[in-house]
Amino acid sequence: MPDSSQPSTGNNGPTPKAGTKRPRDKTSPSSAPPPSTKRRRTRGTMPPSETKARRDQHHLKLADVKPEDEKLKLAFYTHLRMMWGSFHGDVVPELPALDAISAFEKSRYVSPDDLDVFTASLDAAYSNIIGGAISAVDSMRQAAYHSRARSQIAANIYEMDEHFLRVTYSAILSFGLQKWRPDVLGNFGSAYNQVHELIAIKTFQTIAISHAYSRLSPNLVNFTNHKLLSRFYRNYVYSYIYKLAKKEMKAVGSVKKGIRDPNTYKRRKETAEERTEFLRSEGYRSRVIALSEEVECHSDDEPSFNANGNPILDAAGNPVYSIYAKSARNPHITEFFRAVDVARAQVKAATKKRRHIAPPRTRVPSNLESDISQRFPVGVPLDWFEPNYFNAPPAALRANYTDAGIALPLAEDISLDNNDYKTLKKTPFMKKYGNKVKERYHLPSEEELAQMDKSGDGTSSDEDDMDV
């Protein structure tokens, strides 16, 4: 029987005395932390998504294009739009049907010899226009004619010599294609897409040297640089148009809205700035200037179209613009803005050289409401709003305007010989004109405002609702 007074000498060494720590064996498996079962994440090894890799593969940054090649690029992109028959930047060009791609690839094997023969035959196209090209060009030019008023691309193409257009369309037909429709969503290296790229570059080079795009003043020093034009082509077709096509596939109309809305807001902003500057220069009080300062205070105008989809033109051949309605705005304020615009035009005509004055737009009021924004402007005078429109929303919304001032007298109180409101200080203005205007607007009562404050602070209780 072992002596219990002797320390144990097992594998773990002597047993420590009570109150002392067991010495840690550096070689013991139990002393090392257990191996992690988590997969270690390695930075920089995740492959980019197929979509991102594809987009980045062909995308050209602004810094990648030399300044002297910018107009060459513009001319080439105009050439692509001409071949596509697509003249508007907010419309995705037509994509090919799958059966058209399949039929082309089954009917032809595109070999290097084919490409060499095609390249050599382009010169002959000048004197050997294919009959189908004439009708194709006629249809394309007619579409460009109807679009030229609202598309600079269409205007540039319509002004081109018809012979250049026929040479280009003859080249398309000579390769067995009914239309020039690159497969934007497909493999850029497919035979179908290679042919489209070759046709685009070679036809551009053929007609550009004959000054087909002199209207755009391209620098032709690098027009024979096939590699450069190929980079331009793939950036436009497989990066820019590709992204537009994918966006439109997710939500129909999103491309038009995405391009239109920023342009519309830009025009609204310019209108706001010009009207505001005029009011300041005329010595109006800040309460009147506040009618114009915010972008949302102004409506937008868009080209008018007839039932056939063609733009409506005035007697001088210029497009007619429809002024979208703005239901929230007081008609009295709308008339005031129109009077301001007339006065601004008179000042420009009297003080600026004619070549610095943009031709005036023909605008007609429309009952259509702009679908871009229905947001209430903030920081505006109360009388910017049409009274009935303002009085309809819940009190919580109207409460945002409890401190809003009044800008103008009632319409019946304004006349050519009575414009003292322009310079009156607030107190005499409100006494003479403003209080009558303010009576038409139903602002929340003090009790409603107090209750809103309680609800907002979380201090409202059931007792508040008891009838005592």
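The values are calculated or read from the model by the stated rules, or taken from the named source; none is laboratory data. Computed from a predicted structure; not experimentally measured. Reconstructed Cβ throughout: ideal geometry from the backbone, glycine too, with neighbour counts over all protein chains shown.
Observations, loosely collected:
Rundown of residues vs (1) within 30 Å of residue 421 (Cβ to Cβ); (2) modelled with pLDDT under 90; (3) part of a helix (DSSP H, G or I); (4) under 27 Å from the mean Cα position of the chain (by Cα), yes/no style:
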{"residue": "275", "(1), (2), (3), (4)": "yes, no, yes, yes"}
{"residue": "279", "(1), (2), (3), (4)": "yes, no, yes, no"}
{"residue": "284", "(1), (2), (3), (4)": "yes, no, no, no"}
{"residue": "288", "(1), (2), (3), (4)": "yes, no, yes, no"}
{"residue": "292", "(1), (2), (3), (4)": "yes, no, no, yes"}
{"residue": "299", "(1), (2), (3), (4)": "yes, yes, no, yes"}
{"residue": "302", "(1), (2), (3), (4)": "no, yes, no, yes"}
{"residue": "307", "(1), (2), (3), (4)": "no, yes, no, yes"}
{"residue": "317", "(1), (2), (3), (4)": "no, yes, no, no"}
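- Of all residues in the stretch 140-159, those that are assigned to a helix (DSSP H, G or I) and touching a residue at least 40 places away in the same chain (Cβ under 8 Å) total 9.
- For first residues located in the stretch 391-418 and free of Cβ contacts under 8 Å to residues at least 24 places away in the same chain, partners that are surrounded by 12 or more Cβ atoms within 10 Å (Cβ to Cβ) and outside any loop (DSSP other than H, G, I, E, B) and lie 6+ apart or on another chain with Cβ distances below 7 Å form the pairs 413/433.
- Of the residues making up the stretch 189-226, those that are assigned to a helix (DSSP H, G or I) and either in contact with a strand residue (DSSP E or B) (Cβ under 6 Å, 6 or more places away or on another chain) or of a type in the set (Phe, Trp, Tyr) (or both) number 2.
- Picking from residues in the stretch 435-448 that are in a helix (DSSP H, G or I) and modelled with pLDDT under 95, the one that is nearest to the chain's Cα centre (by Cα) is 448.
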